[in-house]
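**Q** Handing you this structure, nothing more for now.
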Amino acid sequence: MLADTPSPRPFSTIRWTAAQQRTMTAALDLFGMHGVSGTSLQMIADMVGVTKAAVYYQFKTKEEIVIAVAANELAILEDALLAAEAEPERPHARRVLLTRVIDLAVTRRRWVSTLTNDPVIIRVLGEHEPFRHFMSRLYAVLLDEREADDTVARVSAAVLSAAIAGSVVNPLVTELDDETLRTTLIQLTQRMLDLPDPPNG
């Protein structure tokens, strides 16, 4: 399904069929409601309106579906990450990428909650090298680390990830509209990363 060798575009180059997309959409909803362990392939098939055999034809296991769903979501960030990696002005690169990450987190609040709290998803993605490599690249830019493999970089990445993911799903912000949450979160995380204000203020 996904190549195990590092690629600058590990996710957006995957071509999902329309049937796979429908399966992934249904699975994402069910994972959010029941968790991965509480979601069966039969439940996914019922939501899509096909037989379980049809789901098996698209994906052999739930783990394959988990990886596919994550890849489909993270593909949204690939262009922003590549642009940030090529941007010589590091503060600008970090601000732009941070904005895109927060955009995705805010607009996909339910998915973020599932992604960060479901033990099966955490295990599957933690063992999946393309995902790990992509996240290392992402946090290397956000934290202005040329190498994101040392202990400090890893812990810093974990802190930033927890701050963003924890904020968008916290009950204290449930009633906030997306734009208010997005704007406030960008301001706070820029301060946390000690990013200077852009030249135009």
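The values are calculated or read from the model by the stated rules, or taken from the named source; none is laboratory data. Since we're looking at a predicted model, the values are computed, not measured. Positions of Cβ are backbone-derived with ideal geometry, glycine not excepted, and every protein chain shown enters the neighbour counts.
**Q** What pairs can you find where one residue is in region 106-121 and assigned to a helix (DSSP H, G or I), the other is surrounded by fewer than 20 Cβ atoms within 10 Å (Cβ to Cβ) and charged (D, E, K, R), and their Cβ atoms are less than 7 Å apart, with a gap of 6+ or different chains?
**A** Val106/Asp178; Val106/Arg182; Thr107/Asp178; Trp111/Glu73
**Q** Can you tell me which residues in region 100-125 are of a type in the set (D, E, K, R) and over 12 Å from Ala165 (Cα atoms)? First the steps, then the outcome.
**A** Taking region 100-125 and keeping what is of a type in the set (D, E, K, R), we get 100, 103, 108-110, 118, 123.
Selection gives Arg100, Asp118, Arg123.
**Q** Could you list, in sequence order, all residues of region 77-91 that are among the aliphatic types (A, V, I, L, M), surrounded by fewer than 16 Cβ atoms within 10 Å (Cβ to Cβ) and closer than 14 Å to Met135 by Cα? Don't jump to the end; show me each part of the working.
**A** In the first step, residues of region 77-91 are kept if they are among the aliphatic types (A, V, I, L, M); the result is 77, 80-84, 86.
When the remaining residues are screened for being surrounded by fewer than 16 Cβ atoms within 10 Å (Cβ to Cβ), the result is 82-83, 86.
Once the filter is applied, which keeps residues that are among the aliphatic types (A, V, I, L, M), surrounded by fewer than 16 Cβ atoms within 10 Å (Cβ to Cβ) and closer than 14 Å to Met135 by Cα, region 77-91 yields only Leu82.
**Q** For region 33-93, please list each of the helices (runs of 4 or more DSSP H) lying entirely inside it that holds at least 2 residues being closer than 21 Å to Pro119 by Cα and of a type in the set (A, V, I, L, M).
**A** Details: elements: 41-48, 52-58, 62-86.
By residue number, 41-48, 62-86.
**Q** So, Leu97, is that one more than 20 Å from Ala19 (Cα to Cα), modelled with pLDDT of 90 or more and in contact with a Pro (Cβ under 9 Å, 6 or more places away or on another chain) or not? Even if it seems obvious, please write down each step before you answer.
**A** Working: more than 20 Å from Ala19 (Cα to Cα): yes; modelled with pLDDT of 90 or more: yes; in contact with a Pro (Cβ under 9 Å, 6 or more places away or on another chain): no.
Against the criterion (more than 20 Å from Ala19 (Cα to Cα), modelled with pLDDT of 90 or more and in contact with a Pro (Cβ under 9 Å, 6 or more places away or on another chain)), Leu97 does not qualify.
**Q** Could I ask something else about it? State all residues of region 12-26 that are charged (D, E, K, R) and surrounded by 15 or more Cβ atoms within 10 Å (Cβ to Cβ); if no residue qualifies, say none.
**A** If the condition is that a residue be charged (D, E, K, R) and surrounded by 15 or more Cβ atoms within 10 Å (Cβ to Cβ), then Arg22 is the only one that fits.
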